[in-house]
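> My questions all concern the structure below.
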Amino acid sequence: MWLDCGPHGKLQLSRITPNAVVVKEPVNVPPCHGNLIVSVDGEEMVVPVHVVEGISQTQHHTMALKLDHVAPF
């Protein structure tokens, strides 16, 4: 499972919850839109998300909300 943040790269995840993700390696990523990708038995599920507060070197977890739950304005 990983989070594809486009120009900010693909981040491997150690855990996913309904509203958050935990990255394996700390990196600096600003708030952005991305795709949460989960692969199980060769099948990939892609969920568009909004990384609300970004990710930093000191914080391994961040809120990642499904885009269909975010107001379009």
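> Can you tell me which residue in region 43-56 is surrounded by the fewest Cβ atoms within 10 Å (Cβ to Cβ), limited to those that are over 11 Å from Leu3 (Cα atoms) and within 10 Å of the chain's Cα centre (by Cα)?
For region 43-56, the residue satisfying everything is Val52.
> Could you list, ordered by first residue, the pairs with Cβ atoms under 9 Å in which the first is in region 19-42 and surrounded by 12 or more Cβ atoms within 10 Å (Cβ to Cβ) and the second is polar (S, T, N, Q) and outside any strand (DSSP E or B), at least 6 apart or interchain?
Taking only residues 6 or more apart or on different chains, the pairs are Pro26/Gln57; Pro26/Thr58; Val27/Gln57.
> Which of the residues spanning region 57-71 are under 13 Å from the mean Cα position of the chain (by Cα) and either farther than 13 Å from Asp4 by Cβ or at pLDDT 95 or above (or both)?
Result: His60, His61, Thr62, Met63, Leu65, Lys66, Leu67.
> If you take the residues in region 23-38 that are over 12 Å from Thr58 (Cα atoms) and β-branched (Val, Ile, Thr), which one is nearest to the chain's Cα centre (by Cα)?
Here the answer is Ile37.
The values are calculated or read from the model by the stated rules, or taken from the named source; none is laboratory data. From a predicted model like this one, the values you see are computed outputs, not experimental measurements. Note: ideal-geometry Cβ built from the backbone for every residue, glycine included; neighbour counts use all protein chains shown.
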